Amino acid sequence: QVQLVESGGGLVQAGGSLRLSCAASGSIFSINLMYWYRQAPGKQRESVALLTSAGSTNYADSVKGRFTISRDNTKNTVYLQMNSLKVEDTAVYSCAIYANGMTYWGKGTLVTVSS
């Protein structure tokens with residue numbers, strides 16, 4: 001069984017920064033893809049960032065230049081560094097990994113950006 005636990009969410013003023021963490025535990029043989037998603041109130045879930053096992057990244061246009069996805073292989077942890085936060089970044093942020101031929105999801109962490 002694989003579990004993902006996010007942390008690092010909270011309340012921050014516009015222009016501030018937060019770093020989210022997603023720690024994976026369990027029987028993980030190889031992680032192929034790592035994602036961060038977000039879902040704002042009343043909106044559909046959207047992909048924010050993607051990191052492949054080869055190190056390639058992809059970002060939503062709305063966060064390019066402000067967010068950075070990275071990983072620590074020794075800790076099976078993926079991070080999302082969020083800078084220059086905007087009120088519209090307010091959402092529940094969830095991580096997902098594609099490993100062992102399956103996609104696993106975390107429960108999410110709330111990020112609230114105040115004006």
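The values are calculated or read from the model by the stated rules, or taken from the named source; none is laboratory data. Note that the coordinates shown come from a computational prediction; the quantities given were computed from them, not determined experimentally. A quick note on method: Cβ atoms are made from the backbone with ideal geometry, for glycine too, and the neighbour counts reach across all protein chains shown. We work out accessible area using only protein heavy atoms, side chains counted, and drop any ligands, DNA or RNA first. Shrake-Rupley method; radii C 1.70, N 1.55, O 1.52, S 1.80 Å.
The residues listed here are Val63, Val87; of these, the one that is surrounded by fewer than 12 Cβ atoms within 10 Å (Cβ to Cβ) and touching a strand residue (DSSP E or B) at 6+ places or on another chain (Cβ under 7 Å) is Val87.
Residues that are over 22 Å from Val5 (Cβ atoms) and part of a loop (DSSP other than H, G, I, E, B) do not occur anywhere in the range 27-39.
Report, by residue number, each residue of the range 51-60 that is open to solvent by 60 Å² or more (accessible area, probe 1.4 Å) and either touching a helix residue (DSSP H, G or I) at 6+ places or on another chain (Cβ under 8 Å) or at pLDDT 95 or above (or both). Within the range 51-60, Ser56, Thr57, Asn58 qualify.
Looking only at the range 51-70, filter to residues that are part of a strand (DSSP E or B) and closer than 18 Å to Ala23 by Cα; which one of those is nearest to the chain's Cα centre (by Cα)? Here the residue is Ile69. Among the candidates Val48, Val12, Val78, Val111, the residue that is crowded, with 18+ Cβ neighbours inside 10 Å, over 10 Å from the mean Cα position of the chain (by Cα) and at negative phi is uniquely Val111. For first residues located in the range 100-112 and closer than 30 Å to Gly16 by Cα, partners that are among the aromatic types (Phe, Trp, Tyr) and lie 6+ apart or on another chain with Cβ distances below 6 Å form the pairs Thr109/Tyr93; Val111/Tyr93. Restricting attention to the range 36-45 and to residues that are within 15 Å of the chain's Cα centre (by Cα) and not charged (D, E, K, R), the residue that is most open to solvent (accessible area, probe 1.4 Å) turns out to be Gln39. State which residue is nearest to Asn100 (Cα to Cα) when the search covers only the range 15-35 and only residues that are open to solvent by 30 Å² or more (accessible area, probe 1.4 Å) and in contact with a Phe, Trp or Tyr (Cβ under 7 Å, 6 or more places away or on another chain). Among those residues, the one meeting the criterion is Asn32.
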